[in-house]
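Down below is the structure, laid out as structure tokens.
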Ligand SMILES: [Ca+2]
């Protein structure tokens, strides 16, 4: 039993040393699979703005008839931002996190146009530094780029690579422009941080250990 205890301890140490530490960084509830906005901070736009977690959402035509139904891109749930009436504030959904140099944040965004030009409703996903300054726009869509009522980007992947370690904010935001009631929609899902691929420890094979002996490679030094 004692010997097996030693072997298990050594295996555990080897396994732990093979885990790249920066892959442990992650957003909380980045895919909304809790069914809630836990881990996120939501702000509602003017009047009827809101943020909610949904399982489906429909793009509607100009008679209010669904033309396309979207499900979650990752898992079963995703977040939906309704802008509310035109004006400030707009609807936002944010999360603060830390990243190491080389870490990559990624996610999915979906903008559904429910207006027509010149009322250029817009949805964005941005990365901000810890002072709130925007350092990157990773997703950007609007009525002008997507098309009029019922058009959409479909689920679109975005990524951003950090060159400097620090504390950052990922924020989704959607704005209504022009007339109340013609409110385009932004949805996000699957927000994730992954580390760079570090070299992993090579344990060199299976080991056997007797009390008082040194570790040796069992596959090469058989009795
Ligand atoms: Ca999800």
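A short reminder: the numbers here are calculations on the coordinates, not readings from a lab. Just so we're clear, the structure is a prediction, and the values are computed from it rather than from any experiment. Here Cβ is always computed from backbone atoms with ideal geometry, including for glycine, and neighbour counts include all displayed protein chains.
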Simple label model, 7 Å out from Cα along Cβ direction - residue 55 to residue 179, nm: 3.5 nm
Rounded if a/c under 1.5, otherwise prolate or oblate - the range 24-95, Cα gyration tensor axes: oblate
Cα-based shape type of the range 70-109, given that a ≥ b ≥ c are square roots of the gyration tensor eigenvalues and the cut on a/c is 1.5: oblate
